[in-house]
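In what follows, a structure is listed as structure tokens, so that the remarks can point back to it.
Bear in mind these aren't lab numbers, they're just calculated from the coordinates by the rules spelled out. Computed from a predicted structure; not experimentally measured. Cβ placement follows ideal geometry from the backbone for every residue including glycine, while neighbour counts extend to all protein chains displayed.
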Amino acid sequence: MSNISPTDLGSPTTSQPVFRLAVILHKSLSGGSAANVAAIIAGGLKCEAFGPPIMDKGGNAHASIRWNMPILKAKTNGQLQTLMEKSTAHPGVESVAFCDEGRLLSNNFAEYHNLIQGSEPSELSLLAVGVFGSDKDVRDLTRAFSLYQ
């Protein structure tokens, strides 16, 4: 969880976001794999951009996200590694990564956990990085990436 106070987040109805989040996917991902990895990254961020579900009058829960979440594209693993390094070192920015090794260990969390803890960042093949922080900081960190299509 970040050190960002909920009172610093602004109103969910303001037209200009105070904060921003973005998911950056490796260009090799497509279709269902891209959607799955983007969902894993969004869930991994666990940031203030996501609130408790909003209930409609029928009692149905709806997703509660305060700001847009662009999905961007990285051309290389190196771009993702650099983004992760920069965002991790940047005060006030939260980041989370997901790697190909994790995808290959589907439904085997213990092995995934041990692999990640025992690996240097350069040993992992990143598939995606998610970042959350001030609108300016996230835009600055992600300006080199194009929209994922």
Anisotropy class of the stretch 16-72 from Cα gyration tensor, a/c 1.5 cut: oblate
Burial order of peptide ranges 78-86, 141-149 (average beta-carbon count within 10 Å, highest first): 78-86, 141-149
Set of the stretch 134-148 residues, backbone N closer than 17 Å to the point 7 Å along the Cα-Cβ line of Ala35: 148
Lys/Arg +1, Asp/Glu -1 at C-beta; the chain dipole; positive extreme among His62, Ser106, Ile41: His62
Alpha-carbon Debye profile of the stretch 62-136, log10 I(q)/I(0) at 0.12, 0.13, 0.18, 0.20 Å⁻¹: -0.40, -0.47, -0.84, -0.98
Residue among His90, His26, His62 with the largest mean-square fluctuation in a Gaussian network model of the chain, springs linking Cα atoms under 10 Å: His62
Of Leu115, Gly31, Pro52, farthest towards positive along the dipole that unit charges on Lys, Arg, Asp, Glu beta carbons give the chain: Gly31
222 nm mean residue ellipticity, helices alone, for the chain (DSSP H n ≥ 4; -39,500 (n - 2.57); rounded to 500): -10000 deg cm²/dmol
Label-zone membership for the stretch 49-87, site Ser122, 7 angstrom Cα→C-beta point, backbone N under 17 Å: 77-86
Sequence-separation-based contact order of the stretch 43-100, relative, with Cα cut under 8 Å and 6+ spacing, percent: 26
Alpha-carbon spread of the chain, three principal axes, descending order, Å: 45, 36, 31
